[in-house]
Amino acid sequence: MAYSVVIDGYNGTKQGSRKSEGKVMTKAVTGVHQQLGSLKVGDNFSGVYYLETSHVRKTVNGKDFTDLALRDKSGKRMAKFWGVVPGLKNGGYVFVAGKVDEYMGAPSFVLANAENADEPADKADYQPVYADIDSLADRLDVLRVNLKDACKVAKMEIVGEVVESVYANGAFFNKLMSVPGSIAPHYGCAGGLLANIVRSCEVSIKLAETYKLDPTEAVLVQGGAMLAIIGGVDAYGFQDCIPVVTTNGTLLGVSGLTMIRVATAAKRVAAERAKTVKDPADGPAVARLLHIVSSALATETERVQPMTKEAMVVFNALRMDRELVSAIDVIANDQNPEQEFTAYDPTTQRRYFRG
């Protein structure tokens, strides 16, 4: 489908118009999709984007304008159309054309055209995917092999068996490769949960080495870190190109869903071991592993706080990752790049200095 694109002016289409000086140009949409996140002040742009929301508002002078939240795989940007666009379908796709202006030192996406568009057959430009997902999968494989070897040395085989009971499940692993790990930008993409698990596990292992935890504690650290947030496969998903919290995620949270998966795996492994191992002394190891999981995302208001060295390591690795990723997201997506400080980050309760 070809669309009329208006650049440096407005053509008075049925959506509404605003007169401005400059040459009016029209053309058919062709070529590469222009990612919203790559656009800078002064850029003209046009294309089909996902419309998350749209709201008709009024200026102080009573003039109508429409705010649109547009998305593609690079993230969300707010855009403004001077007028009312009849029949816009939130949760669908729209064709837009406009320019990135500057307003009070920040980029301002001002649209000349906006109209409903057909859903794209190829969603590659819309659903975000974590970078280097194949490399992350390879790193996860290395972690699994290393854990198995460490379990033999520490005589803690049950920890590795519980982890493998989870990860060797093909349905779980395939889902892990495709679900987001958050609704925030950094992990809010396909493979985001995988990235979060691999990163936090590698950091946990380094912390265990730095603080000289013994072999038993080190095995529990790695096993616990690999299991601590696996409930994310049930807690997060996509609605079109938007990362969302599922119904189960809302009702039970990542911690609750993780505990269900880990406890089920531990019970399954214990039943299998009981067939071949007489009087297995696995109870303490399983309890310590479950304690890591139950306290990994503890807050000040939750009852279960980390009470072992290995649980403290995993808890702090996850907290550090969560806060650092929040800072990276805020700095990268802040809409006032000319200011010394970013907008307020509610996760870490501060603004960030850019210099």
Exercise. Select from segment 76-107 the residues that are part of a loop (DSSP other than H, G, I, E, B) and among the β-branched types (Val, Ile, Thr) and write down the one among them that is modelled with the highest pLDDT.
Key: VAL84
Self-check item: Residue that is modelled with the lowest pLDDT [pool: residues in segment 309-336 that are part of a helix (DSSP H, G or I) and under 24 Å from VAL41 (Cα atoms)]
Solution: ASN333
Self-check item: Any pair with Cβ under 9 angstrom, 6 or more apart, that starts in segment 334-355 at a residue that is touching a residue at least 40 places away in the same chain (Cβ under 8 Å) and ends at one that is assigned to a loop (DSSP other than H, G, I, E, B) and surrounded by 13 or more Cβ atoms within 10 Å (Cβ to Cβ)
Solution: GLN335/ALA343; ASN336/THR342; ASN336/ALA343; PRO337/ARG354; GLN339/ARG354
Exercise. Say whether the condition of being more than 30 Å from SER326 (Cα to Cα), in contact with a Cys (Cβ under 7 Å, 6 or more places away or on another chain) and not assigned by TED's automatic domain parsing to the domain that holds LYS80 is met by at least one residue in segment 158-179.
Key: yes
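Does at least one position in segment 98-119 carry a residue that is of a type in the set (S, T, N, Q), out of contact with any Cys (no Cβ under 8 Å at 6 or more places or on another chain), within 15 Å of CYS241 (Cβ to Cβ) and surrounded by fewer than 17 Cβ atoms within 10 Å (Cβ to Cβ)? Give the steps one after another, and end with the answer.
Going residue by residue through segment 98-119, those that are of a type in the set (S, T, N, Q) are 108, 113, 116.
Add one more test, that the residue is out of contact with any Cys (no Cβ under 8 Å at 6 or more places or on another chain), and what stays is 108, 113, 116.
Those left that are additionally within 15 Å of CYS241 (Cβ to Cβ): none.
Within segment 98-119 (the criterion being of a type in the set (S, T, N, Q), out of contact with any Cys (no Cβ under 8 Å at 6 or more places or on another chain), within 15 Å of CYS241 (Cβ to Cβ) and surrounded by fewer than 17 Cβ atoms within 10 Å (Cβ to Cβ)), the answer is no, since none of the residues qualifies.
Residues to consider are VAL313, VAL325, VAL245; find the one that is of a type outside the set (Ser, Thr, Tyr), closer than 20 Å to ILE197 by Cβ and touching a helix residue (DSSP H, G or I) at 6+ places or on another chain (Cβ under 6 Å). Outline the logic, then answer.
Details: VAL325 fails: touching a helix residue (DSSP H, G or I) at 6+ places or on another chain (Cβ under 6 Å); VAL245 fails: touching a helix residue (DSSP H, G or I) at 6+ places or on another chain (Cβ under 6 Å).
The match here is VAL313.
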Quiz prompt | Scan of segment 227-266 for residues that are in a loop (DSSP other than H, G, I, E, B) and either modelled with pLDDT under 95 or under 21 Å from SER295 (Cβ atoms) (or both), ordered by number | solution = ALA228, ILE229, ILE230, GLY231, ASP240, CYS241
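Please determine, by comparing only the residues of segment 267-287 that are closer than 16 Å to CYS151 by Cβ and in a loop (DSSP other than H, G, I, E, B), which one is modelled with the highest pLDDT.
Here is the first cut: in segment 267-287, the residues closer than 16 Å to CYS151 by Cβ are 269-270, 272-273, 277, 280-282, 284-286.
Now drop any that are not in a loop (DSSP other than H, G, I, E, B), which leaves 277, 280-282.
Details: VAL277: 72, PRO280: 62, ALA281: 60, ASP282: 68.
Per the criteria, the residue is VAL277.
Test of understanding: among GLN349, GLN339, GLN305, which residue is at pLDDT below 90 and surrounded by 13 or more Cβ atoms within 10 Å (Cβ to Cβ)? Full working, then the answer.
Values: GLN349 fails: surrounded by 13 or more Cβ atoms within 10 Å (Cβ to Cβ); GLN305 fails: at pLDDT below 90.
Among GLN349, GLN339, GLN305, only GLN339 is at pLDDT below 90 and surrounded by 13 or more Cβ atoms within 10 Å (Cβ to Cβ).
For segment 178-195, how many residues meet the condition of being assigned to a loop (DSSP other than H, G, I, E, B) and either out of contact with any helix residue (DSSP H, G or I) (no Cβ under 6 Å at 6 or more places or on another chain) or small (Gly, Ala, Ser) (or both)?
First, pick out the residues of segment 178-195 that are assigned to a loop (DSSP other than H, G, I, E, B): 178-189, 191.
Subsequent filtering for residues that are either out of contact with any helix residue (DSSP H, G or I) (no Cβ under 6 Å at 6 or more places or on another chain) or small (Gly, Ala, Ser) (or both) retains 178, 181-184, 188-189, 191.
Of the residues in that region, 8 qualify.
The values are calculated or read from the model by the stated rules, or taken from the named source; none is laboratory data. Since the model is a prediction, treat every value here as computed from it, not as a measurement. Backbone-built Cβ (ideal geometry, glycine too); neighbour counts: all protein chains shown.
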